[in-house]
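Structure first, commentary second.
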Amino acid sequence: AVVLLTLGGLLAAAQQRGARLAEALRAAEEDVARLTSEATTVAGQADLAVAILTATDMRRIDLQGFEASRDATARAYWSATRGLLIVADRLPAPPPGRTYQVWLIGDGGAGPVSAGLIDPQGSGRGMLIVPPPAGSSGGSVTVAVTDEPRGGVAAPTGSKHLAGSL
């Protein structure tokens with residue numbers, strides 16, 4: 001009887017350990033899938049950045065800082081055929097509940113078009129890499145950065161922090 005109880009206890013412990021190992025394996029598989037997805041995204045962005053920087057129509061735009069971002073430095077690399085790469089340094093944290101949104105303003109007279117959001121992280125560095133919006137032309141362009149409500153908006157409403165034009 002003692003042997004059976006001991007064996008029963010060992011079996012129960014082995015089953016519990018097996019369940020914990022199965023859960024750990026499931027969590028590890030989820031981590032692998034998430035990391036694989038992130039790596040694919042980063043590789044795609046790196047490819048797009050290289051395409052922008054090497055495009056025959058690429059033009060550099062130096063951005064000037066305004067207001068709280070007066071000390072920020074930023075540069076945009078614009079290709080009407082490949083997209084926009086914008087890098088910023090010393091960009092202060094946006095006001096609480098707000099985020100930085102990048103706008104492209106073309107020479108066609110159309111209003112600003114959102115290019116996306118920049119999160120400067122804790123380091124004050126931020127980057128955005130995006131394909132060109134529909135209807136982009138090779139003419140003059142202005143790149144501007146404003147602070148907007150989290151998630152962004154359809155048209156600029158916040159303070160201008162960075163801007164530069166071709």
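The values are calculated or read from the model by the stated rules, or taken from the named source; none is laboratory data. From a predicted model like this one, the values you see are computed outputs, not experimental measurements. Cβ sites come from the backbone with ideal geometry, for glycine too, and all protein chains shown count toward neighbours. Side chains included, ligands, DNA and RNA excluded: accessible areas come from the protein's heavy atoms. Shrake-Rupley method; radii C 1.70, N 1.55, O 1.52, S 1.80 Å.
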Any residue on another chain or 5+ positions along whose placed amide H is under 5 Å from the amide H of SER159 is listed here as ASP147
What percentages, rounded to whole numbers, describe P(r) for the stretch 114-166 computed over all alpha carbon pairs with 5 Å bin width beginning at zero? 4, 15, 25, 29, 18, 7, 2, 0
Regression test value, accessible area per residue of the stretch 14-129, probe 1.4 Å, units Å², expected 60 Å²
Can you list the residues, at least 5 places off or on another chain, whose amide H is less than 5 Å from the amide H of PHE66, using H built in the peptide plane? LEU162
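Grab the eigenvalues of the alpha-carbon gyration tensor for the chain, scale each by 5, take roots, and send me the semi-axes largest first in whole angstrom.
Working: eigenvalues 506, 74, 35 Å².
So the three semi-axes of the chain are 50, 19, 13 Å.
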Given axes a ≥ b ≥ c from the Cα gyration tensor, I'd like to know whether the stretch 37-127 is rounded (a/c under 1.5), prolate (a/b larger than b/c) or oblate. oblate
From the helices alone, meaning DSSP H stretches of at least four residues, give me the mean residue ellipticity at 222 nm for the chain, per-run term -39500 (n - 2.57), in deg cm²/dmol to the nearest 500. -12000 deg cm²/dmol
Quick check: Cα centre of the stretch 54-95 to Cα centre of the stretch 15-29, how many Å? 47 Å
Angle, helix 2-54 long axis vs. longest principal axis of the chain, Cα atoms, 0 to 90°, nearest 10? 10 degrees
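Using a 1.4 Å probe over the heavy atoms of the protein chains, calculate the carbon and sulfur portion of the accessible area of the chain as a whole percent. If you can, show how the numbers build up before the last one.
Details: 5830 of 9810 Å².
Whole-percent figure for carbon plus sulfur exposure: 59.
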Around HIS161, with a cut-off of 10 angstrom between Cβ atoms, what is the net charge of the other residues, counting Lys and Arg +1 and Asp and Glu -1? 0
Among THR81, THR41, THR146, which one moves the most in a GNM of the chain with springs linking Cα atoms closer than 10 Å? THR41
